[in-house]
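The values are calculated or read from the model by the stated rules, or taken from the named source; none is laboratory data. Quantities reported herein were computed from a predicted structural model and do not represent experimental measurements. No Cβ is skipped: glycine too gets one built from the backbone with ideal geometry, and neighbour counts run over all protein chains shown. Only protein heavy atoms, including side chains, enter the accessible area calculation; ligands, DNA and RNA are left aside. Shrake-Rupley method; radii C 1.70, N 1.55, O 1.52, S 1.80 Å.
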Amino acid sequence: MTSTDVKSAVRADSGLLDVRGVQKTYYGSGRTVEAVRDLTFSVGTGELACIVGPSGAGKTTLLKCIAGLLPPTGGEVRLGGARVQGPPPGMAVVFQEYGRSLFPWMTVADNIALPLKQKRTPKPRRAALVAEALESVGLRDVPHAYPWQLSGGMQQRVAIARAIAYEPDVLLMDEPFAAVDAQTRAELEDLTRSLWRNLGMTVLFVTHDIDEAVYLGQRVLVLSGSPTVVMEDVAVDLPAEREQLSTRALPRFAELRAHVYEQVQRAKTFHTAPAAGASA
Amino acid sequence: MNVLKAGARAFLHLFGLPAALLALWWFFAARSDSFYYPTLNEILSAFGETWFSSRIVDDVLPSLWRLAVGYLGAVVLGVTLGVLLGSHRQLRALLEPVLEFFRAIPPPVLIPVLMLFSGIGDSMKITVIIVGSVWPVMLNTVEGVRAIDDVLADTARCYGITGAARLRRLVLPAASPQIVAGMRQALSISIILMVISEMFASSSGLGFAIVQFQRSFAIPEMWSGILLLGLLGFALSLLFGLLESRVLHWHRGLRQSQKGEK
């Protein structure tokens, strides 16, 4: 390997997300809760992986550990080879609660520009990034509006615009569309896929919706119930061009969906009946 | 046309009742022959003679100066302590009982004590204003800082907004509704303490002038001083309202949009 190859390899791996033996136990007064038992998986640079699991499977805990918001009790998370010990600079997060993740005292444009200001992005570049990000989520007309003047779906678009303007290597999304209506949800799913394909960043998408996971992902990681382990890593071999109606009508989509559904059902009793789970 | 109408209505709302009360005062006082209740005419003419004179420089400005320094001192101190206490649970647990005790002491009783330490000059009066007005600002700031949304706090952390930027972009704006509420309470306490501290031991100021007029039986002048204090409080409250609507316009909009949804 020549030196330029090494360089490009390092660059190419900046979006490599490696989760190794992550474990999270909460120690309360007289009560310990083992939320995440042992999670190991990795998401390659530029990959779009979805994580599904039954509710209460510690999905949010896992995501917070990956984002560096919560220190894991054991194991480690590595982003681009470097150990995550606090929120890493190359990572952006989109939360489910759009109404609580945008700064209500700032306009839409200021919300998107704030992380860039913090990164000391020069002003002209910042303005260009904000305009580009708003354009790409279809909100060109509202830079001077306040978040609370927008609908829920539009607010989540602003949160997504803020994340992509940040030019992250990895984008984490924590059930981002769980609180918007079905119509908006379908639009935002397609938006997520097109942004991912255009920008080439690694996306880790957490959801409880099996259809959504299969429709969006290249891979679906199925988590067990708490204490959480990875039960199965399903490769989604659907065509890269996806469309709400035709893709969901494919027989392969139905098969994958049924398969993941069974896995999630099994996940609920994974720990109480491990033998049955292992033989299935 | 509608703008004019709305303007006229706002004007009526603001000044309608005060005008009616003044008219009533004028009407009933006009027939008064008591020395202690002069007619409004006498009071108003005394008002002009008394306050549009050297007293502006000798009494009004010193009072306003003490009020401004004391009030702003209380706000700065209250917000600083409030942010510190609001962000550190252990510090809060440690200091809370002591703070509750100090808060329970009525500030005017500190005047004799403070006179011993800092004399009867401006510093004593400013200290009294600060010591009395700092509590509502501080306690409200603590509440505001504690109530910061954790999703918003996580968002800030993810995007590397920490340290001074966090204070400026997240903590202070998020707590601003509570801070402003505390500042409003502190403003009226500051005015009261300004007057009281000047009544105790002083050689200038509005409180001093009013007591001096009363002791020398300059009754219309005494009344005019009370009127001036009322007007001053009213003007400051209006000013505060302007500031509030500028700083918190986002908060009103947010609350209205939330009401609309539910």
Among the residues of the range A:37-50, are any open to solvent by 60 Å² or more (accessible area, probe 1.4 Å), in contact (Cβ under 8 Å) with a residue 12 or more places away in the chain and within 14 Å of chain B (Cβ to nearest Cβ)? no
Among the residues of the range B:115-171, the number that are at the interface with chain A (Cβ under 10 Å from one of its Cβ atoms), in a helix (DSSP H, G or I) and of a type in the set (D, E, K, R) is 5
Can you confirm whether the range B:28-43 contains a residue that is part of a helix (DSSP H, G or I) and in contact (Cβ under 8 Å) with a residue 24 or more places away in the chain? yes
Based on what the data block shows, is residue B:184 basic (Lys, Arg), farther than 30 Å from residue A:114 by Cβ and open to solvent by 30 Å² or more (accessible area, probe 1.4 Å)? no
Return yes or no: is residue A:191 of a type outside the set (Gly, Ala, Ser), modelled with pLDDT of 90 or more and more than 22 Å from residue A:16 (Cβ to Cβ)? yes
For residue A:132, which of the numbered conditions (1) over 19 Å from residue A:95 (Cα atoms); (2) part of a loop (DSSP other than H, G, I, E, B); (3) open to solvent by 40 Å² or more (accessible area, probe 1.4 Å) fails to hold? (2)
Test residue B:208 against the criterion of being under 19 Å from residue B:60 (Cα atoms) and surrounded by fewer than 21 Cβ atoms within 10 Å (Cβ to Cβ), and give yes or no. no
Answer yes if at least one residue in the range B:161-176 is within 28 Å of the chain's Cα centre (by Cα), within 24 Å of residue B:190 (Cα to Cα), of a type in the set (Gly, Ala, Ser) and open to solvent by 10 Å² or more (accessible area, probe 1.4 Å), and no otherwise. yes
Looking only at the range A:117-127, decide whether some residue is buried (at least 16 other Cβ atoms within 10 Å of the Cβ) and touching a residue at least 24 places away in the same chain (Cβ under 8 Å). no
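For every residue, the table says whether it meets (1) of a type in the set (Asp, Glu); (2) surrounded by 15 or more Cβ atoms within 10 Å (Cβ to Cβ); (3) not in a helix (DSSP H, G or I).
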site: B:202; (1), (2), (3): no, yes, yes
site: B:212; (1), (2), (3): no, yes, no
site: B:217; (1), (2), (3): no, no, yes
site: B:229; (1), (2), (3): no, yes, no
site: B:236; (1), (2), (3): no, yes, no
site: B:239; (1), (2), (3): no, no, no
site: B:243; (1), (2), (3): no, no, no
site: B:254; (1), (2), (3): no, yes, no
site: B:257; (1), (2), (3): no, yes, no
Pull up the range A:96-106, narrow it to residues that are open to solvent by 10 Å² or more (accessible area, probe 1.4 Å) and either among the basic types (Lys, Arg) or within 7 Å of another protein chain (Cβ to nearest Cβ) (or both), then point me to the one that is nearest to the chain's Cα centre (by Cα). A:97
Take the residues in the range A:51-71 that are within 14 Å of another protein chain (Cβ to nearest Cβ) and open to solvent by 50 Å² or more (accessible area, probe 1.4 Å); name whichever of them is nearest to residue A:90 (Cα to Cα). A:64
Name the one entry in A:170, A:206 that is farther than 23 Å from residue A:54 by Cβ, surrounded by 23 or more Cβ atoms within 10 Å (Cβ to Cβ) and under 12 Å from the mean Cα position of the chain (by Cα). A:170
Among the residues of the range B:33-53, which ones are more than 17 Å from residue B:218 (Cβ to Cβ) and surrounded by 11 or more Cβ atoms within 10 Å (Cβ to Cβ)? none
Please specify each residue of the range A:225-239 satisfying the condition of being modelled with pLDDT of 85 or more and open to solvent by less than 20 Å² (accessible area, probe 1.4 Å). A:234, A:236, A:238
State all residues of the range A:26-73 that are under 22 Å from residue A:271 (Cα atoms), modelled with pLDDT of 90 or more and over 17 Å from the mean Cα position of the chain (by Cα); if no residue qualifies, say none. A:72, A:73
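Rundown of residues vs (1) touching a Cys at 6+ places or on another chain (Cβ under 7 Å); (2) surrounded by 16 or more Cβ atoms within 10 Å (Cβ to Cβ); (3) of a type in the set (Phe, Trp, Tyr), yes/no style:
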| position | (1), (2), (3) |
| --- | --- |
| B:86 | no, yes, no |
| B:100 | no, no, no |
| B:112 | no, no, no |
| B:117 | no, no, yes |
| B:122 | no, yes, no |
| B:131 | no, yes, no |
